[in-house]
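Quick notes on the structure that follows.
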Amino acid sequence: MGFNCGIVGLPNVGKSTLFNAITAAGAPAENYPFCTIDPNVGVVTVPDRRIDELARIYQPLKVTPTAIEFVDIAGLVRGASRGEGLGNQFLSHIREVDAVCHVVRCFEDENVVHVDGGVNPKRDIGIVEAELILRDLDTVERKLAETEKRGKSGEKKLRAEADYYRRVREHLLGGRLAVYERPANPDEDAYLRGLHLLTGKPVMYIANVDEKHLAAESGYVAEVREIAEKENARVVVACTKLESEIASMPYREREGFLRDLGVKESGLDQVIHEGYALLGLITFFTCGPKEVRAWTVGRGTPAPEAAGRIHSDMERGFIRAEVIKYADLVRYGSEQALKERGLLAVEGREYALEDGDVVYFRFAV
């Protein structure tokens with residue numbers, strides 16, 4: 001699995017429509033709040049032209065791309081942190097995802113009711129973020145009280161831990177997301193991770209526009225970009241209605257359709273690429289006559305840990321990694337040609353995998 005991404009936002013902003021389009025999972029998308037009561041989960045393969053090229057070279061019996069999991073989380077409303085609109089249940093689902101796709105309505109349509117009146121991206125983003133911050137404040141307050149109680153013994157480390165929670169509390173009270181809190185040392189980093197804060201997730205905004213504003217962006221999208229720039233977040237501009245059409249097309253037919261619209265990539269492809277960048281992920285490949293397969297790991301992952309993604313025995317018994325570069329393989333056409341040119345590298349435990357590496361792991365059982 002590449003990573004999983006929670007789709008959040010106010011009701012009727014296009015979350016479930018987007019989810020349906022990119023996963024074909026059939027989540028309800030009726031025009032009323034809370035139509036998605038339990039989180040819908042869908043898994044889609046990650047489109048990657050490199051795996052097609054590798055399949056052409058190796059002619060394997062099986063081709064296995066990596067995948068991304070989307071979790072469609074029902075719409076949040078004001079008061080969600082206090083349980084309004086079934087908010088408690090939905091907020092808890094956000095804790096389980098790697099990143100947050102925050103869908104923001106950037107289109108006018110009198111037939112689609114807006115839960116807070118008219119279209120206003122800045123207000124909508126503020127509502128969702130405020131509810132997440134309020135829930136995080138509750139988490140921090142409880143952890144602080146617990147630590148202060150244990151710290152009455154006078155233990156220096158517990159006092160330092162409590163001081164850090166006070167700092168996080170002030171950070172959140174200032175209306176800032178936890179993902180932008182910068183721990184000063186490894187201990188503080190562990191304290192922050194242990195809180196599992198909702199606003200500690202990396203955020204990607206999906207500006208949901210109508211078709212005419214897909215290539216020529218509207219002022220609504222500009223509002224989203226302005227907020228994202230301040231937060232160092234990423235933005236994907238997509239039209240959920242068009243995504244539904246694109247999803248039904250064979251992948252190779254999509255390029256021409258998108259080109260006619262003046263768009264380079266579908267919303268799904270943008271979300272995947274931006275998501276990988278947001279989380280610092282890369283793809284490596286294992287190839288042979290039986291299978292060509294893509295794997296996702298974090299950038300900088302050591303070779304033994306990457307081997308462990310395939311099987312734990314491979315990490316425990318790791319000996320070495322035999323690595324060739326995708327570009328070299330495509331250029332010369334075979335592993336044998338690369339060996340003859342000295343382009344097969346033998347790497348040890350310290351080697352950090354790079355995006356596009358084709359790897360054979362040697363290990364002892």
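The values are calculated or read from the model by the stated rules, or taken from the named source; none is laboratory data. These numbers come from a predicted model, not from an experiment. Cβ coordinates were reconstructed from backbone atoms using ideal geometry, including for glycine residues, and neighbour counts include every protein chain displayed. When the accessible area is computed, the model is the full protein with side chains, heavy atoms only, and any ligands, DNA or RNA have been set aside. Shrake-Rupley method; radii C 1.70, N 1.55, O 1.52, S 1.80 Å.
For segment 95-118, check the following and say yes or no: at least one residue is assigned to a helix (DSSP H, G or I) and either modelled with pLDDT of 85 or more or surrounded by 21 or more Cβ atoms within 10 Å (Cβ to Cβ) (or both). The answer is no, given that none of the residues of segment 95-118 is assigned to a helix (DSSP H, G or I) and either modelled with pLDDT of 85 or more or surrounded by 21 or more Cβ atoms within 10 Å (Cβ to Cβ) (or both).
Summed over segment 339-362, the residues that are closer than 18 Å to residue 284 by Cα and either open to solvent by less than 40 Å² (accessible area, probe 1.4 Å) or not in a loop (DSSP other than H, G, I, E, B) (or both) give a count of 14. For segment 158-168, does any single residue satisfy the condition of being part of a helix (DSSP H, G or I), closer than 21 Å to residue 129 by Cβ and β-branched (Val, Ile, Thr)? Within segment 158-168, one or more residues are part of a helix (DSSP H, G or I), closer than 21 Å to residue 129 by Cβ and β-branched (Val, Ile, Thr).
Go through segment 180-226 and give me each residue that's over 17 Å from residue 165 (Cβ atoms) and assigned to a helix (DSSP H, G or I). Listed by number, the residues that qualify are 211, 212, 213, 219, 220, 221, 222, 223, 224, 225, 226.
Each row is one residue, and each column tells you yes or no for (1) touching a Pro at 6+ places or on another chain (Cβ under 7 Å); (2) on the phi > 0 side of the Ramachandran plot; (3) of a type outside the set (Ser, Thr, Tyr).
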residue: 296; (1), (2), (3): no, no, no
residue: 311; (1), (2), (3): no, no, yes
residue: 315; (1), (2), (3): yes, no, yes
residue: 320; (1), (2), (3): no, no, yes
residue: 339; (1), (2), (3): no, no, yes
residue: 344; (1), (2), (3): no, no, yes
residue: 349; (1), (2), (3): yes, no, yes
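Can you tell me how many residues within segment 327-365 are among the acidic types (Asp, Glu) and touching a residue at least 60 places away in the same chain (Cβ under 8 Å)?
Result for segment 327-365: 3.
Okay, residues lined up against (1) modelled with pLDDT under 85; (2) in contact with a Pro (Cβ under 8 Å, 6 or more places away or on another chain); (3) farther than 29 Å from residue 285 by Cβ:
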| residue | (1), (2), (3) |
| --- | --- |
| 8 | no, no, yes |
| 22 | yes, no, no |
| 35 | yes, yes, yes |
| 38 | yes, no, yes |
| 59 | no, yes, no |
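On the given criteria, is residue 242 closer than 26 Å to residue 119 by Cα, part of a helix (DSSP H, G or I) and either open to solvent by less than 20 Å² (accessible area, probe 1.4 Å) or in contact with a Cys (Cβ under 7 Å, 6 or more places away or on another chain) (or both)? Spelling it out, residue 242 is indeed closer than 26 Å to residue 119 by Cα, part of a helix (DSSP H, G or I) and either open to solvent by less than 20 Å² (accessible area, probe 1.4 Å) or in contact with a Cys (Cβ under 7 Å, 6 or more places away or on another chain) (or both).
So, of the residues in segment 227-239 that are open to solvent by less than 10 Å² (accessible area, probe 1.4 Å) and part of a strand (DSSP E or B), which turns out to be nearest to residue 12 (Cα to Cα)? Across segment 227-239, the extreme among qualifying residues is 238.
Out of all the residues in segment 320-327, is one or more out of contact with any strand residue (DSSP E or B) (no Cβ under 8 Å at 6 or more places or on another chain) and either open to solvent by 20 Å² or more (accessible area, probe 1.4 Å) or under 18 Å from residue 46 (Cα atoms) (or both)? For segment 320-327, residues out of contact with any strand residue (DSSP E or B) (no Cβ under 8 Å at 6 or more places or on another chain) and either open to solvent by 20 Å² or more (accessible area, probe 1.4 Å) or under 18 Å from residue 46 (Cα atoms) (or both): present. Taking the conditions exactly as written (more than 16 Å from residue 265 (Cα to Cα), in contact (Cβ under 8 Å) with a residue 40 or more places away in the chain and surrounded by fewer than 20 Cβ atoms within 10 Å (Cβ to Cβ)), does residue 211 satisfy them or not? Considered against the rule, which asks whether it is more than 16 Å from residue 265 (Cα to Cα), in contact (Cβ under 8 Å) with a residue 40 or more places away in the chain and surrounded by fewer than 20 Cβ atoms within 10 Å (Cβ to Cβ), residue 211 comes out as no. If you filter segment 124-179 down to residues that are of a type in the set (Ser, Thr, Tyr) and surrounded by 15 or more Cβ atoms within 10 Å (Cβ to Cβ), you find that the one that is nearest to residue 107 (Cα to Cα) is 139. For segment 249-281, enumerate the residues that are closer than 24 Å to residue 71 by Cα, touching a helix residue (DSSP H, G or I) at 6+ places or on another chain (Cβ under 9 Å) and open to solvent by 40 Å² or more (accessible area, probe 1.4 Å). Within segment 249-281, 249, 265 meet the criteria. All but one of (1) in contact with a Ser or Thr (Cβ under 8 Å, 6 or more places away or on another chain); (2) open to solvent by less than 50 Å² (accessible area, probe 1.4 Å); (3) more than 14 Å from residue 354 (Cβ to Cβ) hold for residue 334; which doesn't? Only one criterion in (1) in contact with a Ser or Thr (Cβ under 8 Å, 6 or more places away or on another chain); (2) open to solvent by less than 50 Å² (accessible area, probe 1.4 Å); (3) more than 14 Å from residue 354 (Cβ to Cβ) is unmet by residue 334, namely (1).
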